[in-house]
1. Pick out, from the stretch B:138-204, the helices (runs of 4 or more DSSP H) lying fully within it that include 1 or more residues that are within 20 Å of B:Pro6 (Cβ to Cβ) and in contact with a Pro (Cβ under 9 Å, 6 or more places away or on another chain).
2. Which condition number in (1) within 11 Å of another protein chain (Cβ to nearest Cβ); (2) buried (at least 19 other Cβ atoms within 10 Å of the Cβ) is the one that A:Ile92 fails?
3. How many of the residues in the stretch A:39-60 are out of contact with any strand residue (DSSP E or B) (no Cβ under 9 Å at 6 or more places or on another chain), at the interface with chain B (Cβ under 8 Å from one of its Cβ atoms) and either open to solvent by less than 40 Å² (accessible area, probe 1.4 Å) or part of a loop (DSSP other than H, G, I, E, B) (or both)?
4. Which one is modelled with the lowest pLDDT among residues in the stretch B:114-172 that are open to solvent by 50 Å² or more (accessible area, probe 1.4 Å) and acidic (Asp, Glu)?
5. Looking at A:Asp87, A:Asp126, can you tell me which residue is within 14 Å of chain B (Cβ to nearest Cβ) and within 22 Å of the chain's Cα centre (by Cα)?
6. List pairs: first in the stretch B:65-90 and within 9 Å of chain A (Cβ to nearest Cβ), second surrounded by fewer than 16 Cβ atoms within 10 Å (Cβ to Cβ), Cβ under 7 Å, 6+ apart or cross-chain?
7. Is there a residue in the stretch A:10-19 that is open to solvent by less than 60 Å² (accessible area, probe 1.4 Å), within 11 Å of chain B (Cβ to nearest Cβ) and within 23 Å of A:Pro122 (Cβ to Cβ)?
8. Scan the stretch A:20-38 for residues that are basic (Lys, Arg) and within 10 Å of chain B (Cβ to nearest Cβ) and jot them down.
Amino acid sequence: MDPRIQAYARVLVDCVDPQPGWQVSIRSQPPGRPLIEEVARELARRGARALVRLSFDSAGGTFTRVAPMELIENPCDIELHEIANTDSYIAILAPENTRAAADIPAERLGARQAALRKPHMPFLTDQKPWVGCYFPTAAAAQDAGLPLPAFEDFLYGAVLIDWHELRDRMERIAEHFDRAETVRIVGVETDLTFSLAGRQGKVDALAANMPGGEIFYSPVEDSAEGVISYLEYPACYLEHEVGGVRLRFEGGRIVEASATSDEEFLLGALDTDEGARRLGEFGIGCNPGIQRHMRNTLFDEKMEGTIHLAIGTGFPQIGGLNESAIHWDMVKELRNGGRIELDGKVVQENGVWAL
Amino acid sequence: MGAVDPRVEQYARLLVDRSLDVQPGWQVLIRTQPAARPVIEELVRLITERRAYPVVRMNFSLFPVDEAWASEAPLELVGEIAPIDRYASDHMDARITVEAPDNTRGVAAMSAERRAAMRKATAVFLRRTMNDEIPWVGCYFPTNALAQEAGMPLPAFEDFFYGACLRDWDAESESMHRLLARFDAADSVRIVGDETDLTMSLRGRTGEVDDGHVNLPGGEFFFSPVEDSADGTILFGVPTEFNSAPVTGIRLTFRNGRVEQASADQGEDELLAALDMDDGARFIGELGIGCNEGITKPMRNTLYDEKMAGTIHIAVGASYPKVGGKNVSSLHWDIVKDLRRGGRIELDGEVVQENGTWLI
């Protein structure tokens, strides 16, 4: 077996830090077997329980596709009891086909998500630990445009890093942002300012995402002014890839939006609700193992030398007030002449920290 | 994936309609393994069609135990079912177990102590179905591992498997009930065959028919004989196994219901260990009569072998309280005796089956 799988399993279990006797569910798909079994063994060594729950796809498969809506909207007692009593969960996406749910109508997928959201609130609000990640399958590699061995190298490079060292480094950077009021992002066709006054950031290391490696904030909702152009990478969301997104903010609100491809989807998303036109998140990618864009937000938003801004819902646990049904992270490259300023002082230039 | 074998849908329908008769609002726990995917998808479809919830508990090993975890977890945790899984066990309205192993020797590397702990946790999950508190069915989905165990290529095994499972169960039920009535009315059963002459009493006991409900394939009727009544000797020619070790050529001699002499051509140590497991392990818990014409030769799997038409089986160990059995044991080991060549069954002295053919 690839020795990196064992190391990966240890990192994942570190993320949820199980206590003896905890019931930890492992949610995955059959191709994840080598990692699932290692995670189960690692949980065993730490005296926690492993409740392995396999499905054929992460969207609920046949059930979501054919069940009467009333069953989808009202999960059964056994499932609700399980979610409520799980101390922690480790979700390992191990897709056989990343488009396996493409034929399931959006209203069915949405109904399932909505039904599962409430019972998952203790996880979504960080009261209980969880982590989401990938196992490198051929399908995931195909989505990333890589042969499987190259994708494995990329994935393990992003997750098998010294997380304690990176956390310390990110915490030092975050102190500067915590103290600052105004952030200015300057880059290709981009000059945007917004306020972090009164907001505290969060460092993502050994937490709910693996790979982690970002510092993130919910900016003051009415503060964004200026323009940002996402010319380097497509903005990926809900299986759409929108090219050349350009957004202009006034008083925190997007007043002009355009794209060079799939503009219709962008404009539709912005019209989802009132909160969809405001920023929910400002994130700074810090993972040195991620040096290229993969069209997969989990990885892309952690890319060192980039920042990302999410339109839509903010994070209440770090002071965010914006509410929306969407949360769309868009990644902006800064290693091509871009910079970040805090209260007028340049703190990062061309992706290199100047602190 | 290509077109689904139409037999898969018929099989799923049999499980949902006949074995369980799923009702709206039920939570139907499906305990299975990934290789069963075609039938799992059909089960989910058919259960939701009946406005009931499929609760799929799929893992590489059978719920509620994960073998990878159990191989290294603290033994006291392994032996006790997880509270979440206990809740599911206590609240499910029906249970389907579809075994679809990719290796029938999955647990072989585990120590006996750990295996026992896993069995203990699993027994808690099985409790409500073993007591018939809720509808349940245990069955297989044909995989290469099962075909290999049966010594066949997969397509031939599938033909055998569906031939044994997809039968006219109403007709099978009727003919088995007719035979059962004769056994119910009799006091004494005598099994005669190769190196075999064994009698036991069914006085006061009534049997039960397995006609496609709790097992698929079904096709037997069975009794728990009077515990102290077995006398004589029986030689079992059909190979069996205990704790994954093959045991063949078992000879048992009974006196007043108890095994007094036991030997085996192969696996005698396992046989004796099983019989010494506890006080009840040397008594007969079950006499079953195989009636499934779709099963014509031993497949090294008790679930099919015990249903083979023209055979009987005796289980040493636990009997079934629901048919009046009183024997208690942790063991329930079905061992099959072929009567198709020179064997016969007598009821109160009357020959009712000879060379596997019914005379009644």
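The values are calculated or read from the model by the stated rules, or taken from the named source; none is laboratory data. Because the structure is a prediction, the values reported are computed rather than measured. Cβ atoms come from the backbone with ideal geometry, glycine included; neighbour counts cover every protein chain shown. SASA here: full protein model, heavy atoms, side chains in, ligands and nucleic acids out. Shrake-Rupley method; radii C 1.70, N 1.55, O 1.52, S 1.80 Å.
1. Numbers: elements: B:144-149, B:154-165, B:169-185.
The helices (runs of 4 or more DSSP H) meeting that bar are B:144-149, B:154-165.
2. Every condition holds for A:Ile92 apart from (1).
3. 1
4. Residue satisfying both the conditions and the ranking: B:Asp132.
5. Working: A:Asp126 fails: within 14 Å of chain B (Cβ to nearest Cβ).
Only one candidate passes the filter, namely A:Asp87.
6. Pairs found: B:Glu72/A:Arg45; B:Pro74/A:Gly47; B:Pro83/A:Asn85; B:Ile84/A:Asn85.
7. Step one: of the stretch A:10-19, the residues open to solvent by less than 60 Å² (accessible area, probe 1.4 Å) are A:11-13, A:15-16, A:18.
Narrowing further to those that are within 11 Å of chain B (Cβ to nearest Cβ): none.
There is no residue in the stretch A:10-19 that is open to solvent by less than 60 Å² (accessible area, probe 1.4 Å), within 11 Å of chain B (Cβ to nearest Cβ) and within 23 Å of A:Pro122 (Cβ to Cβ).
8. Going through the stretch A:20-38, the residues basic (Lys, Arg) turn out to be A:27, A:33.
Residue satisfying the conditions is A:Arg33 alone.
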